[in-house]
Amino acid sequence: MDTADPAREAIEAAFRAEHGAILAGLIRQGRDFELAEEALQDALATALERWPADGTPDNPAAWIAHTARRRLIDQLRRRRVGGQKVEQLARERGAAAEEADVQSDDDAFPHADDRLRLIFTCCHPALAHEAQVALTLSALCGLTTPEIARAFLVREPTMAQRLVRAQKKIRAAKIPYRVPPPSLLAERVPAVLAVVYLVFNEGYSATAGDDLVRRELTGEAVRLGRLLCELLPDEAEVEGLLALMLLQDSRRDARLDPKGDLVLLEEQDRARWDAAAIA
């Protein structure tokens, strides 16, 4: 193993565990999917360059998030001085007003976080359902375009175009980055529940990568399910989804053998099932 391997492993682990949270925060700050993704990629490239020489920081995810935020701020500043100052000022005024709306709406949903807002943004009814799901899998789960294309059984260039169109539509339509007010929740809840379950499924049986189970994704889906139950305490479908995910996730420790191969349900050691999750 060369000296760069530990740094690369730390970067990959931080990316897999915190990609959704970091990108969601960047999108909230910059209100632009492409800029946010570019800033995160630049931060990862900087980590690959510096960590082998400087050593891995104590909190890799926090280092990547801080570096990405600085990169995003630099990009926004360059955009302001790039000859479109009037348009930028208008965008800033709109963003400020929109942020006030976000604060007002989020007062009714104090437990909403950036990742939940990101899902509701991606699941806006102005987007086709397939675009909603694909964009969320990309932004929240960190799935690559080839992985999403395989999941949808389409060619990679086709999926890349769909993702770009969806991002541009969010920006052009000025879709706010927020959990919508109660009067608008009903039209988005089915898509949000479908996306959360797809996130869980991707973690429960990964379509790509070396690991058959991605626990960071199953854990994230369960966490989002709990948040949705707090936001929508009277929605039976939300409670049902959380219960289903908990039941499935309760068997995770028994699903793989020491070699990492799947163990069939009838052959699993039931003593390793999580009784609290089942209850």
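The values are calculated or read from the model by the stated rules, or taken from the named source; none is laboratory data. Keep in mind it's a predicted model, so treat the numbers as computed, not measured. Here the Cβ is made from the backbone with ideal geometry for all residues, glycine too, and neighbour counts use every protein chain on show. Only protein heavy atoms, including side chains, enter the accessible area calculation; ligands, DNA and RNA are left aside. Shrake-Rupley method; radii C 1.70, N 1.55, O 1.52, S 1.80 Å.
Here are the numbers for the structure shown:
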{"read-out": "Spread of Cα-to-Cα distances over 10 Å intervals beginning at zero, given as percent, for region 186-279", "value": "17, 45, 29, 9, 1"}
{"read-out": "Heavy atoms of Asp249: accessible area, 1.4 Å probe, square angstrom to 10", "value": "20"}
{"read-out": "Long-range HN-HN contacts of Leu256 with modeled amide H, under 5 Å", "value": "Val263"}
{"read-out": "For region 1-46, accessible area per residue (1.4 Å probe, heavy atoms of protein chains only), Å²", "value": "45"}
{"read-out": "Mean Cα-pair separation over length for region 122-242, i.e. relative contact order, pairs under 8 Å, 6 or more apart, %", "value": "20"}
{"read-out": "Accessible-area composition of region 1-81, carbon plus sulfur, in percent [1.4 Å probe]", "value": "46"}
{"read-out": "Area of Trp63 that stays accessible when all protein chains are in place (1.4 Å probe, Å², to 10)", "value": "60"}
{"read-out": "GluC sites (Glu not before Pro) lying in DSSP loop within region 134-224, provided at most 16 other Cβ fall within 10 Å", "value": "Glu187"}
{"read-out": "Carbon/sulfur fraction of accessible area - region 110-233, other protein chains in place, 1.4 Å, %", "value": "55"}
{"read-out": "From the C-alpha gyration tensor of region 138-249, square roots of 5λ in Å", "value": "24, 22, 10"}
{"read-out": "Accessible area of Arg171 in the full protein assembly, 1.4 Å probe (Å², nearest 10)", "value": "90"}
{"read-out": "Whole-Hz ³J(HN,Hα) from phi, Karplus 6.51 cos²θ - 1.76 cosθ + 1.60, for region 177-189, glycine and proline x", "value": "8, 6, 6, x, x, x, 5, 10, 5, 4, 6, 9, 4"}
